[in-house]
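One structure is given below, encoded as structure tokens.
The values are calculated or read from the model by the stated rules, or taken from the named source; none is laboratory data. Only a predicted model underlies this, so the values are computations on that prediction, with no experimental measurement involved. Glycine also receives a Cβ, built like all others from the backbone with ideal geometry; neighbour counts cover every protein chain displayed. Heavy atoms of the whole protein, side chains included, go into the accessibility calculation; ligands, DNA and RNA do not. Shrake-Rupley method; radii C 1.70, N 1.55, O 1.52, S 1.80 Å.
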Amino acid sequence: MASLAATFGRGAMTNHWIDLMNTDVAMVMGSNVVENHPMASKWLAKARERGAVIINCDPRYTRTSSFSDIYCKLRSGTDIAFVNGMINYALQNELINKDYVLNYTNASFIISDKYSFDDGLFSGYDPDKRSYDKTKWAYELDGSGIPKKDPDLLHPQCVYQLMKKHFERYDVDTVCKITGAPKDVYEKICKTFASTSAPDKVATWLYAMGTTQHTHGTQNIRTYAILQLLMGNIGLAGGGINALRGESNVQGSTDMALLFHLLPGYLASPTKADQSLEDYLKTNTPQTKDPKSANWWGNYPKYITSLLKAWYGDKANTENDFCFDYVPKRSGDYSHISLFETMFAGQLKGLFLFGQNPAVGGPNSNKERSALEKLEWMVAVDIFETDTSVFWKRPGVNPADIQTEVFLLPACSSVEKEGSVANSGRWAQWRYKAVEPVGQSISDLWILDALHKSIKKEYSSGGVFPDPILNLSWDYGSGEEIDLHKEPDVHIVAKEINGYFLEDKVVNDKQFKKGQQVPSFAFLQNDGSTCSGNWLYCNSYPGPEKENNNMARRKKADAINNIGLYPEWAWCWPVNRRIIYNRASVDLKGNPLDPRRWVIRWNESAKKWEGDVPDGPWPPNEKHPFIMKPDGHAWLFAANLNDGPFPEHYEPLESPVNNFMSSQEINPAIKLWHKINPEGNAVGDPAKFPIIGTTYRVSEHWQAGAMTRNIPWLAELVPNVFVELGLELAKEKEINNGDKVVIETARGSMNAYALVTRRFQPFKLNGKTVHELGVIWHFGYNGLAKGDSANVLTPHIGDANTMIPEYKAFLCDVVKEVI
Amino acid sequence: MVEKAILLDMEKCIACRACQVACKQWNELPAEETTFFAAAGGYQNPAELSPSTFTLIKFNEMEKEGKLWWLFRVHSCMQCVDPACVKACPVEPVKAMTYVKETGATYVNRELCIGCGSCREYCPFTIPVIDTEAEKSTKCNFCFDRLENGMEPACAKACPTDCLVFGDREQILEMAHKAVERLSAKGRHPVIYGEKELGSGTKKIYVLPEPLEYYPDLPKNPKVSEDIGLLHELLNPPSSILTGLGLVFGGVSWVANRKKIIIEESKSEKEG
């Protein structure tokens, strides 16, 4: 998501599930799509009926590989080399969509002469801080403050020329040496993919955790995004960069800011440096001097003010900065790894876990489980008794030694309550309660509402700084007292998320009355006259009645362009635009680049756009298409990322080979937890742990397994944790199919059944043979189907921008279990 | 109603086992206790069809002509158009193995079934499994009860990729032929299985993207044993009473013995 935001302006799947059927080439990399998103297979199958080609790159031949038309082996952690090579192929052979690149990306922009790159490092690097001075990568500005450009793309410091220089180091032989990909297949893939640079051909890119869960995860996505921009595939039907989210509602959860660095709607959460609302707005509101840049984030003040009004109502006004002082200011690293390191050091007292099972799902399970023991209290809210909730009596531990007070609150499942679920395609679909909750289980909404009531009660008689709690504007229809029989009204919540007017107001010549729902975020104000719990969802519930709930619509008619938009089935953000960046799908006159699958088109006589909701109503060429970027262009060169404006290959923290590209072995900008807190963070030596290890999922189980390992029919299908390893490795280790084995890393070891298979083949890396094995990570010590957790193997190390743990590439060894 | 069928367009199968679970859910079948996987080369569970498992996915991992293949197929009752199991069923006056004229669905009527095992004996695919405790035959019932109510079988409904498609057999055969065209056009070597097998074919129509040698446990030329007619004669004697009586008594005791043998065979299979 950080990467997509850096490149395009928004962190979300650019297209949507059904749109996959429109593609000519689907690249599945860093994803096992048919395994983990089976419903997507339906749409891919439809694309294939039209002659589309599905390409799959994976260290292992998976169920997706079986479904695909071309499969290529790719060593875990080498996506950047692989795709940088594809970019190089496109650039060298001039297989790019020239007009698109020139007009819609920052290819022509000129970069400061302070920018350079050498031996794996960009200019501005501070090796002690392990960070870059990004001002060295700034644009050259003209007199009016607008970035200088060379429309001929020849200037040596223009992004295009810098790109050519940067990517020409990724020739085919180098790529195959690093990735272990077979040369003939790799070249076939380069050729097939580059063919979609033609305006009437389009490719879609599907990725998931195989891409993100690396120390260079953000840059992995950047390389995909750059390639897709060169192809001119962003904003088109059947195109895009499609992040396949890992949970049915994780898109909804990130939209609502269940991320440590955000507020709802992907607004930044304030830091200690933001002493006032003005400071905060100065830090976060991008400016532009270019009249053709819509710079939609320029509306920051309206969105944050409306959010604060939603939280604090009448208490928030211009005199008190709209209660900005009440919002917690970040002063540290609150990412998952950091929280657990802090917990391990005994510095976190309590932990709330809503539908989360870190004892199984978090990296470095041994350290994280030990960390939990230091808590004073834990509240686990879940539909099953998770492994985490019983960490205190897990195998090998004496409950008498653990002081943590643990509460398990019974949550009900999504079919036992009403509300919305937002899928990867940004579609928020309203759902109804099908059955009464089982036993005493109850909705998360009720639980949170009750928590608020209790906490408010406690704070009304003391506590440190009670104001932010006591002044919350909070009434969702469940009464003053906690009452198990009074469910808060989810419609009141949804309507507040959409937002409403707090006073009579005229906006854009329209009269609105106090209490009236805001029709869309174009009407939100920065003067306190509107509230909105999430500006992105403004338009989801634009009227007072249930019939006005756009998320509940179920009309099956497609739009006039018949590309599967289904505009009146549910609702998506923003403002029901199904394919974002769609202004890039037309030329400067508003004519579709791909008329067969047109997304929007300009109707000259009616003077309006047809098809999908356009990315802004302005007529053609009045605004640049990437409206969320301050300069309106998609960023081939992204100067705001921590590890560089261009993707560069580095090895994972634990790697069996040296980096063939430079002397920088690992990502120079990652936080080295093993140096900060060595305990429990040992790094494996390739001499002792020569095998690449990875973790992944199966269709039959779900995440940390609480929901599926307790279902007998699913436990029947996959009853035990297993490791997949190749024939050659198995022979070397004298392991037969079905044997029990021990897999070990520097951090821990686990037992599993061995599944010996041809689907893992050794990699030849510059002559050296390296093996890879993989373990499914769904298992834990609790539940009907039990087994060791793969995450005892993985390290506490994360991406340079997002801190997402490197679950996907580490070093291990495997031996037959001694009985 | 018209004779129904299910298309199994196996290129689209992702071996997710939604069909397996949907079948259990609809038929209220329990999960079996399993360990690891039942066969090499994939994630198959359980090992065989049983009174608790009416359908399962088989995985075949192989290297052929320098290429790696991982092919999946559904293993379940083929719902033959002219079912041998129905012919074989000795129960009188109404057969336990029931054929529904309207849809062609074949299912076991548990109230009538005596668990003799003749259906399994004569099934060219050896599908029915005798529940030795309940003394009943068990197999896929084509969701005959769903069909009666205008719904499609649970497996077809659950399949996320439209690999399994339910419809009229004629329409399904057309779709199968179209699928063959589609697969041939992209260089695959498709085969339809179930159109003409056993003469009149089956109601589960496979489109296999590669020939039968890639699916080694699918019988190439399934046949119904010719003595199925003799069995019938034995159990349903001709008008001649003289030979008839003797044969009938012989036949009944033969059946009773067969039942005992089948039950013992099943028991030893389970324990062995």
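Quickly run through region A:594-626 and pick out the residues that are assigned to a loop (DSSP other than H, G, I, E, B), touching a residue at least 24 places away in the same chain (Cβ under 8 Å) and under 29 Å from the mean Cα position of the chain (by Cα). If you could, list the steps in order and put the result at the bottom.
From region A:594-626, those assigned to a loop (DSSP other than H, G, I, E, B) are A:594, A:598-599, A:604-607, A:612-626; that's our starting set.
Right, trim to touching a residue at least 24 places away in the same chain (Cβ under 8 Å) and you get A:594, A:598-599, A:612-616, A:618-626.
Scanning region A:594-626 gives A:D594, A:W598, A:V599, A:D612, A:V613, A:P614, A:D615, A:G616, A:K623, A:H624, A:P625, A:F626.
Given the criteria at pLDDT below 95 and of a type in the set (G, A, S), does B:G104 qualify?
So B:G104 passes the test.
Hey, does region A:677-696 have a residue that's in a loop (DSSP other than H, G, I, E, B) and under 30 Å from A:S248 (Cβ atoms)?
Checked region A:677-696: no residue is in a loop (DSSP other than H, G, I, E, B) and under 30 Å from A:S248 (Cβ atoms).
Name the one entry in B:V191, B:V224 that is away from chain A (no Cβ under 14 Å), aliphatic (A, V, I, L, M) and under 23 Å from B:A105 (Cα atoms). Explain how you work it out, then say what you get.
Values: B:V191 fails: under 23 Å from B:A105 (Cα atoms).
None of the other options fit; the residue is B:V224.
Could you look through region B:86-104, keep only residues that are farther than 19 Å from B:I205 by Cα and not in a loop (DSSP other than H, G, I, E, B), and pick out the one that is most open to solvent (accessible area, probe 1.4 Å)?
It comes out as B:K87.
From the list A:Y280, A:Y312, A:Y300, A:Y334, which one is among the aromatic types (F, W, Y) and in a loop (DSSP other than H, G, I, E, B)?
When all the criteria are applied, what remains is A:Y334.
Check B:E63 against each of (1) in contact (Cβ under 8 Å) with a residue 12 or more places away in the chain; (2) acidic (D, E); (3) at the interface with another protein chain (Cβ under 10 Å from one of its Cβ atoms) and name the one condition it does not meet.
(1)
I'm trying to understand the selection: among the residues of region A:421-442, which are touching a residue at least 24 places away in the same chain (Cβ under 8 Å), among the hydrophobic types (A, V, I, L, M, F, W, C) and surrounded by fewer than 22 Cβ atoms within 10 Å (Cβ to Cβ)?
Listed by number, the residues that qualify are A:V421, A:V438, A:I442.
So for region B:29-52 (the condition being away from every other protein chain (no Cβ under 13 Å), in a loop (DSSP other than H, G, I, E, B) and either more than 16 Å from the chain's Cα centre (by Cα) or more than 16 Å from B:L218 (Cβ to Cβ) (or both)), does at least one residue qualify?
Scanning region B:29-52, I find at least one residue that is away from every other protein chain (no Cβ under 13 Å), in a loop (DSSP other than H, G, I, E, B) and either more than 16 Å from the chain's Cα centre (by Cα) or more than 16 Å from B:L218 (Cβ to Cβ) (or both), so the answer is yes.
May I ask you to verify whether A:G210 is on the phi < 0 side of the Ramachandran plot, of a type outside the set (V, I, T), open to solvent by 10 Å² or more (accessible area, probe 1.4 Å) and in contact with a Ser or Thr (Cβ under 7 Å, 6 or more places away or on another chain)? Outline the logic, then answer.
Working: on the phi < 0 side of the Ramachandran plot: yes; of a type outside the set (V, I, T): yes; open to solvent by 10 Å² or more (accessible area, probe 1.4 Å): yes; in contact with a Ser or Thr (Cβ under 7 Å, 6 or more places away or on another chain): yes.
In short, yes.
Which condition number does A:G693 fail, the rest of (1) surrounded by fewer than 21 Cβ atoms within 10 Å (Cβ to Cβ); (2) more than 22 Å from the chain's Cα centre (by Cα); (3) more than 23 Å from A:A6 (Cα to Cα); (4) not aromatic (F, W, Y) being met?
(1)
Output the residues belonging to region A:62-84 that are more than 14 Å from every other protein chain (Cβ to nearest Cβ) and not in a loop (DSSP other than H, G, I, E, B).
Those that are more than 14 Å from every other protein chain (Cβ to nearest Cβ) and not in a loop (DSSP other than H, G, I, E, B): A:D79, A:I80, A:A81, A:F82, A:V83, A:N84.
Among the residues of region A:226-244, is there at least one that is over 27 Å from A:Y160 (Cβ atoms) and open to solvent by 40 Å² or more (accessible area, probe 1.4 Å)?
There is no residue in region A:226-244 that is over 27 Å from A:Y160 (Cβ atoms) and open to solvent by 40 Å² or more (accessible area, probe 1.4 Å).
Evaluate the following for B:A134: is it in contact (Cβ under 8 Å) with a residue 40 or more places away in the chain and surrounded by 21 or more Cβ atoms within 10 Å (Cβ to Cβ)?
In short, no.
Just checking, does region B:6-24 include any residue being open to solvent by 40 Å² or more (accessible area, probe 1.4 Å), polar (S, T, N, Q) and facing chain A (nearest Cβ under 8 Å)?
No, every residue in region B:6-24 fails to be open to solvent by 40 Å² or more (accessible area, probe 1.4 Å), polar (S, T, N, Q) and facing chain A (nearest Cβ under 8 Å).
Mind listing whichever residues of region A:1-36 are within 21 Å of A:R597 (Cα to Cα) and either touching a His at 6+ places or on another chain (Cβ under 6 Å) or not in a loop (DSSP other than H, G, I, E, B) (or both)?
Listed by number, the residues that qualify are A:I18, A:D19, A:L20, A:M21, A:N22, A:V25, A:A26, A:M27.
I'm checking my understanding of the structure. Among residues of region A:27-36 that are more than 14 Å from chain B (Cβ to nearest Cβ) and open to solvent by less than 10 Å² (accessible area, probe 1.4 Å), which one is farthest from A:Q251 (Cα to Cα)?
Taking the candidates together, the pick is A:M27.
Each row is one residue, and each column tells you yes or no for (1) free of Cβ contacts under 8 Å to residues at least 40 places away in the same chain; (2) aliphatic (A, V, I, L, M); (3) assigned to a loop (DSSP other than H, G, I, E, B); (4) open to solvent by 10 Å² or more (accessible area, probe 1.4 Å).
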{"position": "A:G477", "(1), (2), (3), (4)": "yes, no, yes, yes"}
{"position": "A:V493", "(1), (2), (3), (4)": "no, yes, no, yes"}
{"position": "A:P519", "(1), (2), (3), (4)": "yes, no, yes, yes"}
{"position": "A:D527", "(1), (2), (3), (4)": "no, no, yes, yes"}
{"position": "A:Y541", "(1), (2), (3), (4)": "no, no, yes, no"}
{"position": "A:G564", "(1), (2), (3), (4)": "no, no, yes, no"}
{"position": "A:V575", "(1), (2), (3), (4)": "no, yes, yes, yes"}
{"position": "A:A584", "(1), (2), (3), (4)": "no, yes, no, no"}
{"position": "A:L588", "(1), (2), (3), (4)": "no, yes, yes, yes"}
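Quick check on region A:186-203. Is at least one of its residues open to solvent by less than 10 Å² (accessible area, probe 1.4 Å) and on the phi > 0 side of the Ramachandran plot? Even if it seems obvious, please write down each step before you answer.
If we filter region A:186-203 for residues that are open to solvent by less than 10 Å² (accessible area, probe 1.4 Å), which is where we start, we get A:186, A:189-190, A:193-194, A:196, A:202-203.
Next cut, on the phi > 0 side of the Ramachandran plot only: none.
There is no residue in region A:186-203 that is open to solvent by less than 10 Å² (accessible area, probe 1.4 Å) and on the phi > 0 side of the Ramachandran plot.
Taking A:W17 as meeting all but one of (1) in contact with a strand residue (DSSP E or B) (Cβ under 7 Å, 6 or more places away or on another chain); (2) open to solvent by 10 Å² or more (accessible area, probe 1.4 Å); (3) among the aromatic types (F, W, Y), write down the number of the exception.
(1)
Step by step: first the residues of region A:724-742, then only those that are away from chain B (no Cβ under 11 Å) and either touching a Gly at 6+ places or on another chain (Cβ under 7 Å) or part of a loop (DSSP other than H, G, I, E, B) (or both), then the one that is most open to solvent (accessible area, probe 1.4 Å). Which residue is that?
My answer is A:E734.
With the requirement that a residue be within 13 Å of chain B (Cβ to nearest Cβ) and open to solvent by 10 Å² or more (accessible area, probe 1.4 Å), what does region A:697-723 give you?
A:R697, A:S699, A:W702, A:T708, A:N710, A:I711, A:P712, A:W713, A:L714, A:A715, A:P719, A:N720
Identify, from the list A:N642, A:N677, A:N658, the residue that is without any contact (Cβ under 8 Å) to a residue 12 or more places away in the chain and open to solvent by 20 Å² or more (accessible area, probe 1.4 Å). Write out each step before concluding.
On the way: A:N642 fails: without any contact (Cβ under 8 Å) to a residue 12 or more places away in the chain; A:N677 fails: without any contact (Cβ under 8 Å) to a residue 12 or more places away in the chain.
Within the list A:N642, A:N677, A:N658, the selection yields A:N658.
Scan region A:743-771 residue by residue and report those that are within 14 Å of chain B (Cβ to nearest Cβ) and over 19 Å from A:D173 (Cα atoms).
A:N751, A:A752, A:Y753, A:A754, A:L755, A:V756, A:T757, A:R758, A:R759, A:F760, A:Q761
If A:S331 passes every condition in (1) among the hydroxyl-bearing types (S, T, Y); (2) in contact with a Lys or Arg (Cβ under 9 Å, 6 or more places away or on another chain); (3) open to solvent by less than 20 Å² (accessible area, probe 1.4 Å) but one, which one does it miss?
(3)
Only one of these is at pLDDT below 95 and out of contact with any Lys or Arg (no Cβ under 8 Å at 6 or more places or on another chain): A:A706, A:A730, A:A687. Name it. First the steps, then the outcome.
Details: A:A730 fails: at pLDDT below 95; A:A687 fails: at pLDDT below 95.
Only one candidate qualifies: A:A706.
When the residues of region A:37-61 are narrowed to those that are in a loop (DSSP other than H, G, I, E, B) and closer than 23 Å to B:A176 by Cα, which ends up least open to solvent (accessible area, probe 1.4 Å)?
Step by step, filter region A:37-61, then rank; the result is A:A52.
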